[in-house]
Amino acid sequence: LIDEVDKADPDVPNNLLVPLGSLRFDVPDLPGRTVERKGDAPLVVITSNDERQLPAAFLRRCVELQLAPPPRARLEEIGIAHIGTRNKSFVRQALAALLGDAENDGAQPISPAEFVDVLEAARNLEIEVGSDAWRAIEGVTVWKHGRRARSGA
């Protein structure tokens, strides 16, 4: 797994081309030392948040899969899985505070990771949904890249 390659130094994607293509690389700090993969090529998963355009030569060697944001019901399942089934009403209250009461088609302004961060911070700090402390937690966990959830307008 190479996570968030778009946040790495701009040379990283192109620097990966030869090692991934040949399944070998030299270790610069150990002169004469080469690491080599024998046998079948491993599956390499590389993630990106599309914060920066990746080089065309790199992308030509990739199979791209765009993941759509999960719908509200899936966000609820994710929240409950992370903080426990005894907290279902808390998860639902949090979703209502963050997204409003209307159903949506997956175009919510928060990612699953951001949602879990809000839930865990609020639960661990014993913060009530909708309180001033809730809005503060929401602001530091959800308000990213110019996005803000509904209750923190």
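The values are calculated or read from the model by the stated rules, or taken from the named source; none is laboratory data. What you are looking at is a predicted structure, and each value in this text was computed from that prediction instead of being measured. For neighbour counting, all protein chains shown are included, and Cβ atoms are generated from backbone atoms with ideal geometry for every residue, glycine included. The area values use the complete protein model at the heavy-atom level, side chains included, leaving out ligands, DNA and RNA. Shrake-Rupley method; radii C 1.70, N 1.55, O 1.52, S 1.80 Å.
Residues that are open to solvent by less than 90 Å² (accessible area, probe 1.4 Å), part of a loop (DSSP other than H, G, I, E, B) and modelled with pLDDT of 90 or more are absent from the range 96-110 altogether. Here Ile80, Ile127 are screened, and the one residue that is over 30 Å from Asp26 (Cβ atoms), open to solvent by less than 30 Å² (accessible area, probe 1.4 Å), modelled with pLDDT of 90 or more and assigned to a loop (DSSP other than H, G, I, E, B) is Ile127.
The C-beta contact set for the range 80-95 (first residue under 15 Å from Asp117 (Cβ atoms), second residue part of a loop (DSSP other than H, G, I, E, B) and open to solvent by 80 Å² or more (accessible area, probe 1.4 Å), distance under 9 angstrom, 6+ apart or interchain) is empty.
Mind listing whichever residues of the range 11-55 are open to solvent by less than 80 Å² (accessible area, probe 1.4 Å) and under 20 Å from the mean Cα position of the chain (by Cα)? Reasoning before the result, please.
Narrowing the range 11-55 to residues open to solvent by less than 80 Å² (accessible area, probe 1.4 Å): 12-14, 16-17, 19-23, 27, 34-35, 39, 41-42, 44-49, 52, 54-55.
Residues satisfying the conditions are Val12, Pro13, Val44, Val45, Ile46, Thr47, Ser48, Asn49, Arg52, Leu54.
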